Amino acid sequence: MKEFDLEAAADLWMVLDLDRSVHAGVGPQASVEAAVTAAASIAVRTLADNRSVAITASARRLLIHQPDRGPRVEQKVLHLLANVQADGSKPLAEVVLSTLPQLRRGMTLCIITGSVERDWVRAIASLRRRGVAALVILLDRASWVEREPDPHARAELTAVRHALAEYDVPHRLVRAGDDLTEALSGRERARV
């Protein structure tokens, strides 16, 4: 099953946003759990296709796993992901800007975040001209905290989605309670 759109030969660099301000919820139902599960799923799938995976995780300190492939890499990546927490404070735009110089032509950048700031979207807008594809897994943070929809949070999320569309950056929206496989595949279901 195709879970996300990556070019067949593309190596992957993931940015996992662990800024505490972009996550919500507690325990196994927290948004950070959905983010880590998405990262693990994408990494395992990419490695199974014999492509390299790199990860930048913006926890309390910046964690970087350089691009590599193979069975040992899967263990290293999963170990890294099993031990992260949403305890960072660095804005996503800074993390993305520090990652950009490491991206090579033919790679795909996958950002997993709940950030509704739009400056990071502008930071990735020029990637296509450099031959780097981008995909965003966007967590609807408000869905992990709100029972009633907050119009301000919805407007911020909508603005980020519009900015991504404006720069032609594909994204997948993940909400609390979503089936992650379905959400990553891009098949949106109607919300009542």
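The values are calculated or read from the model by the stated rules, or taken from the named source; none is laboratory data. Just so it is clear, the model here is predicted, and its values are computed rather than measured. All Cβ positions, even for glycine, are placed from backbone atoms using ideal geometry, and neighbour counts span all protein chains on display. Side chains included, ligands, DNA and RNA excluded: accessible areas come from the protein's heavy atoms. Shrake-Rupley method; radii C 1.70, N 1.55, O 1.52, S 1.80 Å.
Against the definition (closer than 20 Å to S89 by Cβ and either surrounded by 16 or more Cβ atoms within 10 Å (Cβ to Cβ) or modelled with pLDDT of 95 or more (or both)), how does L12 come out, yes or no? Answer is no for this residue. Flag not set for L80, criterion: free of Cβ contacts under 8 Å to residues at least 40 places away in the same chain, more than 27 Å from G186 (Cα to Cα) and open to solvent by 10 Å² or more (accessible area, probe 1.4 Å).
When each of R147, R129 is tested for being part of a helix (DSSP H, G or I), open to solvent by 40 Å² or more (accessible area, probe 1.4 Å) and out of contact with any Phe, Trp or Tyr (no Cβ under 9 Å at 6 or more places or on another chain), the lone residue that passes is R129.
Here region 27-50 is the region considered, the condition is being touching a Phe, Trp or Tyr at 6+ places or on another chain (Cβ under 9 Å) and over 17 Å from L184 (Cα atoms), and the residue that is least open to solvent (accessible area, probe 1.4 Å) is A30.
Inside region 96-118, can you point out the residues that are loosely packed, with under 14 Cβ neighbours inside 10 Å and not charged (D, E, K, R)? Once the filter is applied, which keeps residues that are loosely packed, with under 14 Cβ neighbours inside 10 Å and not charged (D, E, K, R), region 96-118 yields P101, G106. If you check G114, G177, G186 for being in contact with a strand residue (DSSP E or B) (Cβ under 6 Å, 6 or more places away or on another chain), closer than 18 Å to A30 by Cβ and small (G, A, S), only one passes: G114.
Of the residues making up region 115-157, those that are under 17 Å from the mean Cα position of the chain (by Cα), more than 15 Å from H23 (Cβ to Cβ) and not small (G, A, S) are R118, D119, W120, V121, R122, I124, L127, V132, L135, V136. For beta carbons closer than 6 Å, sequence separation of 6+ or different chains, a first residue in region 130-157 that is in contact (Cβ under 8 Å) with a residue 24 or more places away in the chain and of a type in the set (S, T, N, Q) and a second that is part of a loop (DSSP other than H, G, I, E, B) and surrounded by 14 or more Cβ atoms within 10 Å (Cβ to Cβ), the qualifying pairs are S143/R175; S143/A176. From the list A93, A134, the one residue that fits, being out of contact with any strand residue (DSSP E or B) (no Cβ under 8 Å at 6 or more places or on another chain), open to solvent by less than 40 Å² (accessible area, probe 1.4 Å) and either in a helix (DSSP H, G or I) or at pLDDT 95 or above (or both), is A93.
Assess whether V160 counts as being out of contact with any Leu (no Cβ under 6 Å at 6 or more places or on another chain) and under 24 Å from T37 (Cα atoms). Step through it out loud before you land on a result.
Values: out of contact with any Leu (no Cβ under 6 Å at 6 or more places or on another chain): yes; under 24 Å from T37 (Cα atoms): yes.
It is true that V160 is out of contact with any Leu (no Cβ under 6 Å at 6 or more places or on another chain) and under 24 Å from T37 (Cα atoms).
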